[in-house]
Each structure stands twice: as structure tokens, then as C-alpha cells.
1. Taking amide H positions as placed in the peptide plane 1.01 Å from N, state which residues far from A:Ser152 in sequence (5 or more) or on other chains have amide H under 5 Å from it.
2. Please report, in whole Å, how far the alpha carbons of region A:94-220 spread along each principal axis, starting with the longest.
3. Leaving out ligands and nucleic acids, note down the accessible area per residue over chain A with a 1.4 angstrom probe, in whole Å².
4. To the nearest hundred square angstrom, how large is the accessible surface buried between B and A, total for both chains, probe 1.4 angstrom?
5. Connecting C-alpha atoms closer than 10 Å in a GNM of chain A, tell me which of A:Pro78, A:Pro39, A:Pro196 has the biggest fluctuation.
6. Pick from A:Ala54, A:Ala102, A:Ala125: which residue has the top mean-square fluctuation in a GNM of chain A where Cα pairs under 10 Å get a spring?
7. How would region A:38-155 be classified by its alpha-carbon gyration tensor: rounded, prolate or oblate, with rounded meaning a/c under 1.5 and the a/b versus b/c comparison settling the rest?
8. For helix A:195-214, what angle does its Cα long axis make with the longest principal axis of chain A, in degrees from 0 to 90 and rounded to 10?
Amino acid sequence: MSPLVVEAPPRPRRANGHVPPPLPPTGGDDDPDFTPRRPRLDNVRLAMLFFLSAEVMFFAGLVSAFLVLRNAAPVWPPPFQPRLPVAVTGFNTAVLLASSVAVAAAMRARRGGDGAALTRRLGLAATLGAVFLVIQGYEWVRLVEFGLTVGSGAYGATFYTLIGTHAAHVLGALVWLTVTLALAARGRFLDGRTGPLRACAIYWHFVVLLWPVLYVAVYLA
Amino acid sequence: MTAVRLALPLVLVAALLPGLAEACPTCLSSPYGDRSYTWAQVGLLLMPFLVAMVVGAILAWSFRWRPRLPSMVARVWNRTAHLKETT
């Protein structure tokens, strides 16, 4: 008598992307008004919540280090060091805030099902973000020409570390926004699967809202 | 297992013993001789608690928890809602 071989039933392969959960099995008492319950807090928001919590702690550490070094200095900015361009950076702050408004308008267009407006407004936000980076790069070139470098003591080191870290975040967010824009231009996000778009918008708003805090702490205070 | 049971209270006592807190080298070398905490340090110490509170508040709000309004505010709120319904 041959041994009985029991094979495990084949497991369905997990597909990439969003897979909606199966509907509950229907019995004989179907409710015509039944709709599947939405999760209280969807995965995108939960993931971004914890990711941004880590980001907040990261920037809190940098700002705290900056303020400790600044408070320890007898004179700030140190003598014979260039002053930071407050007016140009103020204009740049307005540019970045406008990009956040454009992203919010793009999300409104998505809710209204207007794909063209969604693409247009995301493009506007990406352009404004790029303008912000270009102006900041121009500022940095000027400051280096005036002699403010990373090796110029705590003043230069903290400035380039703090502002450079934020600029790197804006650059990363801009790449993300550009990819999202390309997907939107191909007609994505209008079928209700908006997870990547919402995550990108949340991150962009975070990066934008962080900048006024840094502007006040580094340039104005 | 017995060693762990014995060691655990000792570790806890050692962790809870008060120690001498020294300021960081930056504060020690400050020209003003300021060796106390500054607002930057206190802010950084409090930041994890603030972040945890915000995360908790967002989770609580998502799970439909709402703070109970004071009775006077609730009365005004309900009256306003009633007016909205009838107009």
C-alpha cells in the first residue's frame, strides 16, 4: 500500500498594487444597502504619520543643535561673516507656500474628477518647487563667494547643515512629485486608487510647512 | 532563571539611582558660563512626547473619539445646529 501524499492547496500569489479585500460571502438575506466598511485610518495616512514623526524628530534635533550653538556664541552672526539674504529668502518662502496651495488645488481637482486640472496644478507645484531650489542654489553660490563656507565655524556649519538638509528633502519631494505628475498625466489616480498621490501631497505639505519654521529660526531670529 | 530574577531588581535600582548630570561641552565652554538647560534643549527633550501626543490625537480622532464639550458650549452648538436644520 503506497503512502498517502497530501499536497497543500496552492496559495494564490499576491499581486502588486492595491488589491481590494473580498466582499463578505452573501447569504440569503442580502442587504441592498450594504457597503463594505472603510478602514478608520487608511494605510497611506498611517504610514505617512509615522514617517513624518521620524522626520519631525530629525529636524527637531538639527534645530536644537543650531540654537544651542547659537546661544553659546557671544555674537551672532560672528563678526566678518556675511549676513543671510532675508528679503530674497522671504520671497522664496512665498514661492514654496504657493506650491503647497497648488498641490491642495490639485487634490481638489482630483476629487472633482478633473484629470487635466490635476496634471496642470501638479505641474505648477513642481515648477514652483524647482524655482525655490534654483533661488536657494543661487543664494548659496553668493554666500560661498562672500566667504561663508562649511568651514567658517559654527555659523557656516549649522547654516549649511540645517538649510542643506531641508533643500535635500525638497529635492527628494520634487522627484517624487515629478513621478506623480507623470503618472497623473497618464490618467492615473482618477479611478479612486489615489494612495501614491495622497502620500506625495502629504509629504510635500510637510516639507513646505517646515520651511517657515527654519526661515524664522535661521534667518529672522 | 533565578539569576535573572535576582539581577533584574538590581538593574532597576541601578537605573533609578540619581546621578550627577553634567552639561554638554558646548554649554561648559560657553563664554557666559551658562551651564543650565536652554529652551532648545528642553524643546528637544519634550519633542518626543509632543509627537506621541499628536500621533495619539490623530489616531483617536480617526477612531471617532471626540472630546466632551463643556455644557454651555454644547448648548450653543446644539442650538446653532437646530437653527441650521430649520432654515
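The values are calculated or read from the model by the stated rules, or taken from the named source; none is laboratory data. Nothing here was measured: the structure is a model prediction, and the numbers come from that model. The accessibility values were calculated without ligands, DNA or RNA, using every heavy atom of the protein model including side chains. Shrake-Rupley method; radii C 1.70, N 1.55, O 1.52, S 1.80 Å.
1. A:Ala157
2. 54, 22, 20
3. With the other protein chains kept in place, chain A gives 60 Å² per residue.
4. Counting protein atoms only, the buried area is about 1500 Å².
5. A:Pro39
6. The residue that fluctuates most here is A:Ala54.
7. oblate
8. The answer is roughly 20 degrees.
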